[in-house]
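Working notes, beginning with the structure itself.
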Amino acid sequence: MQIEVVTLFPEMVRGALAYGVLGRAIERGLARIGTEDVRAHTFDVHRTVDDRPYGGGPGMVLKPEPLLAAIRAAAARLPPGSPRVCLSAQGEVFDQRTARELAGLPGLLLVAGRYEGIDERAIELGVDRELSIGDYVLSGGEIAALAVIDALVRLLPGALGDDRSSIEESFSEGLLEWPHYTRPEVFEGRHVPQALLSGNHAAVRRWRLEQSVARTWSRRPDLIARHGLAPEASRLLNEYLAARAGGGLGEGESHEQDRPGNREEPHDPRGPGFQTG
Ligand code: 9D3
C-alpha cells in the first residue's frame, strides 16, 4: 500500500520509519511512504504556514492555503479515492478495527497538524476523516501518524516473520497478552510458571488463555465489554473466578514473589451482574 504524510516535519516522519519490522517492510516494498512538506507550498519570503486565530486567543493556526495545496499534491500521487485522514485530537479514536480497515486500502493520505489547530476550511475541503490516537495531548500529528502507519504496515501480508503470523493472535482476539518468559528458568529467585515447563502443548495453551482472560478482566474490563469472550475464554474466566472466590490466587498472585501491581477488583462502570460470556 502507499501512504502519503502531509507534514511540517517530513524528516521526523521519514526518520522514524527506518527501524525494525516497519523499516524492513518498507525496504522490501510492502509499503511505500511518501511525505509532502507543507512549507514547500508557501510563496512569501518568510514561508509562513501559520497565523493568529480569528476571534483571538493564544497560539497559532495552520493557514489553509499551503496545507490544502500540500494535501492536493500528495493526493495526486495516490490511487484515486484514497481516503484523506487528518490526525487530530478531535477525531474518532483509532483502534485495531480501523487499522484493519485502512490496511486493506491501496492508498492513504495522512495529514499531521501543528500549532493550536488547523483552519477548519482546510479540513472541510481536504480531509475525509479525523482520527485521534487517544485521550492525551500531543504537540502535533506526526507521532500519531507514525502510530497509525506502524499499526497498518505490520498488518500487511509478509510484514511479520512467519513465526509471528496472526494465526496465534486470533485466539486471543480482544484480550491482553499473557505473561512471557525466557531463560533462565529461575531469575532473582522468581520461577517460570510450571505450566510452561511441562512440554504439554494443550496445557500451555490453556494456561496462556487463562492468564490473558484474567488479566483482561482485572485490568481492562472495557475490552471484555466490547469484544465479549469466546466460549473457551468465558469458561476459563469462570473457573478462574470460582477458584479465586474459593480462596485461590488472583491475577498476579500465581507466585509468592510477584511484583507489586494492580490487584484491584476491576472497576466495571456497568455495575454488577455483567455476563462475561
Ligand atoms: C488548548 C488545547 N490545545 C492544546 C493544549 C489543543 C490541542 C492542540 C493541538 C491539542 C493537541 C494538539 C496537537 N495534537 C494532535 O495533533 C493530535 C493528537 C493529540 O493531541 N492526541 C491524540 N491524538 C492526536 S492525533 C493528532
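Read-outs throughout are calculated quantities, based only on the coordinates presented, and are distinct from any laboratory measurement. The structure displayed is predicted, hence computed values, not measured ones. No Cβ is skipped: glycine too gets one built from the backbone with ideal geometry, and neighbour counts run over all protein chains shown.
Here are some notes:
- Net charge contributed by nearby residues that have their C-beta within less than 12 Å of A70 (K/R +1, D/E -1): +1
- Taking the C-alpha atoms of region 45-166, convex hull volume expressed per residue in Å³: 132
- Largest GNM mean-square fluctuation among F187, F43, F94, using the chain with Cα springs under 10 Å: F187.
- C-alpha long axis of helix 64-75 to longest principal axis of the chain, angle in °: 70
- A Cβ-based charge dipole, computed about the Cα centre of the chain with Lys and Arg at +1 and Asp and Glu at -1, lands at about 460 debye.
- Virtual spin-label span in nm between R219 and E124, 7 Å along Cα→Cβ: 4.5
- Of L196, L155, L102, the one that fluctuates the most in a GNM where the chain has Cα springs shorter than 10 Å: L196
- A simple count of charges around G23, restricted to other residues whose Cβ falls under 15 Å of its Cβ and scoring Lys, Arg +1 and Asp, Glu -1, yields +3.
- Seen against the Cα atoms of the chain and their longest principal axis, helix 231-245 is set at about 60 degrees.
- Result for the chain in a Gaussian network model with C-alpha springs under 10 Å: among Q90, Q211, Q194, the largest mean-square fluctuation is at Q194.
- On Cα atoms only, tilt of 201-219 relative to the major axis of the chain in degrees: 60
- Distance between region 207-249 and region 24-85 - C-alpha centres, whole angstrom: 45
- Note on A40 and E116: the model spin-label points, each 7 Å out from Cα along the C-beta direction, lie 3.0 nm apart.
- Here's the picture: charge each Lys and Arg Cβ at +1 and each Asp and Glu Cβ at -1 in the chain, and of A70, A122, L209 the one pushed furthest to the positive end of that dipole is L209.
- With a cut-off of 12 Å between beta carbons, the residues surrounding A89 carry a summed charge of -4, where Lys and Arg count +1 and Asp and Glu -1.
- 10 Å Cβ shell holding at most 14 others, DSSP loop, trypsin sites (Lys or Arg not before Pro): longest site-free stretch of the chain: 78-262
- Label-point separation, E185 to I143 (7 Å along Cα→Cβ), nm: 4.3
- If you take the alpha carbon atoms of the chain and fit the smallest convex hull around them, that volume is 190 Å³ per residue.
- Cut-off under 5 Å, modelled amide H: who pairs with V6 long-range: E36, L110, V111, A112
- Note on E101/L30: beta-carbon distance plugged into 1/(1 + (r/R0)^6) with R0 of 25 Å gives a FRET efficiency of 0.90.
- Ellipsoid semi-axes for region 171-258, based on the Cα gyration tensor and the rule √(5λ), read 23, 15, 13 Å when sorted largest first.
- Taking every DSSP bridge with both residues inside the chain, close to 15 percent are antiparallel.
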